[in-house]
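These notes are about the structure you will find just below.
The values are calculated or read from the model by the stated rules, or taken from the named source; none is laboratory data. Here the structure is a predicted model, which means the values were calculated and not measured. FYI the Cβ positions are ideal-geometry reconstructions off the backbone, even for glycines, and counts take in every protein chain you see.
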Amino acid sequence: MGHLEHKGNPLNGFPSIKAVPRKLPVFLATEQMSRLLAEPKPDTVIGLRDRALLALLCGSGIRASECASLRCGQVDLIRLTICVCGKGGHERTIPLHPQLGVVMQDYERVRGASLPSAPFFRSRFGRALSHGSIYERVRTWGQRSRVGIPISPHRLRHTFATHLVRAGVGLVTIRDLLGHRQITSTQIYLACNGRRSAFRGRTTSDWLAALDGAAPASCRTVTLERRVFPVARLTRAPPLPIAPRGHPRSDRRGHPAAPYPVPRLA
């Protein structure tokens, strides 16, 4: 029983290992949010779509995967709610800000009526925006707005949660809005509450006001003319070169082997 004694413990002289400090999430200031939301121009369908996409990510805190799988039947712009399916197949309902609902209604109006099972955000070819496309659009508008830091959908999610903590919303409510399973994942935003200079005296309506400023009454008319995009023409491929039988770079039928370049479609 000597191994149970304190003096007989071989790890008695080892120093205690301290836990690695958790990195705090980076969030955007109010001025940066206003500049980002005001960058997409509401005079085209693509501009209205990206404007609604950024506003939804900033005003609801949903993940990029949840935004990519969002369907028209899950968006209720009359009651101002959306129903998303998070990790593990858990569904949750998120309320929307009235100004955010107006922006999404503008995009829905120019996009046209759709079936409930149709994707809410579509590409210019009518397909659903993928997870990578949403990251690309957010990163592109972040670079154009020159906010000074790289922008991603998850960073907008951090901004949404930090703003709620600064506004005095309870952790349980924030946990339900973000779709966290454990409240320990939400407690990290309490440490960000100490950096109050970015949100001092601000509310959600302050940075959402950029949506109204970016779309004056004279710009409500959206150009719906059909744009023609270059599409690769699929023409008949030229015949493969026939090598003489017995050639070292030919098979039994006389077709060339791998060293011969294969012609591509024009």
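Out of curiosity, is Arg181 closer than 29 Å to Arg22 by Cβ, loosely packed, with under 14 Cβ neighbours inside 10 Å, basic (Lys, Arg) and in contact with a helix residue (DSSP H, G or I) (Cβ under 9 Å, 6 or more places away or on another chain)? When the stated conditions are applied, Arg181 passes them. Taking the criterion of being of a type outside the set (A, V, I, L, M, F, W, C) and in a loop (DSSP other than H, G, I, E, B), the residues of the stretch 90-113 that qualify are His90, His97, Gly112. Just for the stretch 131-158: of the residues that are small (Gly, Ala, Ser) and over 13 Å from the mean Cα position of the chain (by Cα), which one is surrounded by the fewest Cβ atoms within 10 Å (Cβ to Cβ)? Among residues in the stretch 131-158 that are small (Gly, Ala, Ser) and over 13 Å from the mean Cα position of the chain (by Cα), the one surrounded by the fewest Cβ atoms within 10 Å (Cβ to Cβ) is Gly148. Taking the conditions exactly as written (closer than 25 Å to Gly126 by Cβ and at pLDDT 95 or above), does Leu53 satisfy them or not? Answer is yes for this residue. Pairs are defined by a Cβ separation below 9 Å, a sequence spacing of at least 6 or placement on different chains, a first member in the stretch 1-28 that is surrounded by 10 or more Cβ atoms within 10 Å (Cβ to Cβ), and a second member that is modelled with pLDDT under 75 and of a type in the set (Gly, Ala, Ser); the pairs so defined are Gly8/Gly2; Phe27/Ala198; Leu28/Ala198. From the list Val84, Val169, the lone residue that is surrounded by 12 or more Cβ atoms within 10 Å (Cβ to Cβ), farther than 21 Å from Leu37 by Cα, among the β-branched types (Val, Ile, Thr) and in contact with an Asp or Glu (Cβ under 6 Å, 6 or more places away or on another chain) is Val84. Flag: Ile62 matches the condition of being surrounded by 17 or more Cβ atoms within 10 Å (Cβ to Cβ), out of contact with any His (no Cβ under 8 Å at 6 or more places or on another chain) and of a type outside the set (Phe, Trp, Tyr). Just give me the residues in the stretch 103-138 being among the aliphatic types (A, V, I, L, M) and under 15 Å from Thr44 (Cβ atoms), in sequence order. If the condition is that a residue be among the aliphatic types (A, V, I, L, M) and under 15 Å from Thr44 (Cβ atoms), then Val103, Val110 are the ones that fit. Does Ile174 satisfy the condition of being within 21 Å of Ser69 (Cα to Cα), of a type in the set (Val, Ile, Thr) and not in a loop (DSSP other than H, G, I, E, B)? So Ile174 fails the test. Quick check on my filter: what residues within the stretch 107-126 are polar (S, T, N, Q) and touching a residue at least 40 places away in the same chain (Cβ under 8 Å)? Residues satisfying the conditions are Ser114, Ser117. Look at Arg79 and say whether it is in a loop (DSSP other than H, G, I, E, B), surrounded by fewer than 17 Cβ atoms within 10 Å (Cβ to Cβ) and either in contact with a Lys or Arg (Cβ under 6 Å, 6 or more places away or on another chain) or at pLDDT 90 or above (or both). Considered against the rule, which asks whether it is in a loop (DSSP other than H, G, I, E, B), surrounded by fewer than 17 Cβ atoms within 10 Å (Cβ to Cβ) and either in contact with a Lys or Arg (Cβ under 6 Å, 6 or more places away or on another chain) or at pLDDT 90 or above (or both), Arg79 comes out as yes.
Residue-by-condition table, conditions (1) outside any loop (DSSP other than H, G, I, E, B); (2) in contact with a strand residue (DSSP E or B) (Cβ under 9 Å, 6 or more places away or on another chain):
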{"position": "Ser16", "(1), (2)": "no, no"}
{"position": "Val20", "(1), (2)": "no, no"}
{"position": "Leu24", "(1), (2)": "no, no"}
{"position": "Met33", "(1), (2)": "yes, no"}
{"position": "Ile46", "(1), (2)": "yes, no"}
{"position": "Arg51", "(1), (2)": "yes, no"}
{"position": "Leu57", "(1), (2)": "yes, no"}
{"position": "Glu66", "(1), (2)": "yes, yes"}
{"position": "Gly73", "(1), (2)": "yes, yes"}
